[in-house]
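> Sharing a structure below in structure tokens format, with a few things to ask.
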Amino acid sequence: MASLALDQSSPDPDSTSNSPAYPVDLEEIRKIVELMEEHGLSLFHLEQEGVNVKLKKSPDPEALREALGGLALSPGVQMAAPAAAPAAVAPAAASEEEAAALPGKVVESPMVGTFYRKPAPDADDFVQVGDRISEGQTVCIIEAMKVMNEIKAEVSGTVSEICVDDSSSVQYGDTLFRVT
């Protein structure tokens, strides 16, 4: 049976002191790592009977890049250039002055992610142009870091325009719908 010696007396789980150690079964460590993967955990810390185990997983660089896509970076920090956006998304990038000139209220994106008009590929759209919506009604989904987030309307009225194409990327504050 393979085992790993872990620090028994150090209060710091990251410590590498030369204190006496307890054997730990590597198969148990593997099971813990599998459970961390299965449940999306990035940190596991167990302290009992003088044994101190701390497992830390680095975040996925692609998920971080996606999450930080809409944030301004500090000077000297560089990120890979994002893929070119489809031309159909250009109307959503209209200037604030143009957007303010249009009548009605808007439903804005509360986060960075991928916009979906329906709950599943084979389902109907949440809303269409001409539909009457009420405050609190789910109008779309935005996927962020592999989590599907239901977006609820903060206004009531009739959908006059859907400003984003299905399955396209959106940024925080982008106009998703116009409501009159």
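The values are calculated or read from the model by the stated rules, or taken from the named source; none is laboratory data. Computed from a predicted structure; not experimentally measured. Reconstructed Cβ throughout: ideal geometry from the backbone, glycine too, with neighbour counts over all protein chains shown.
> Which residue is modelled with the lowest pLDDT, if the candidates are limited to region 24-64 and must be part of a strand (DSSP E or B) and over 31 Å from the mean Cα position of the chain (by Cα)?
Val24
> Would region 109-118 turn up any residue that is modelled with pLDDT under 95, among the charged types (D, E, K, R), out of contact with any Pro (no Cβ under 6 Å at 6 or more places or on another chain) and more than 30 Å from Leu41 (Cα to Cα)?
no
For every residue, the table says whether it meets (1) in the same structural domain as Pro110 (by TED's automatic domain parsing); (2) within 17 Å of Val106 (Cβ to Cβ); (3) part of a strand (DSSP E or B).
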residue	(1), (2), (3)
Val127	yes, yes, no
Ile142	yes, yes, yes
Met148	yes, no, yes
Glu154	yes, yes, no
Ser160	yes, yes, yes
Val164	yes, yes, no
Tyr172	yes, yes, no
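Okay, residues lined up against (1) at pLDDT 95 or above; (2) over 23 Å from the mean Cα position of the chain (by Cα); (3) surrounded by 15 or more Cβ atoms within 10 Å (Cβ to Cβ); (4) farther than 17 Å from Ser168 by Cβ:
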{"position": "Ala83", "(1), (2), (3), (4)": "no, no, no, no"}
{"position": "Pro86", "(1), (2), (3), (4)": "no, no, no, no"}
{"position": "Val89", "(1), (2), (3), (4)": "no, no, yes, no"}
{"position": "Glu98", "(1), (2), (3), (4)": "no, yes, no, yes"}
{"position": "Ala120", "(1), (2), (3), (4)": "no, no, no, yes"}
{"position": "Ser134", "(1), (2), (3), (4)": "no, yes, no, yes"}
{"position": "Val147", "(1), (2), (3), (4)": "no, no, no, yes"}
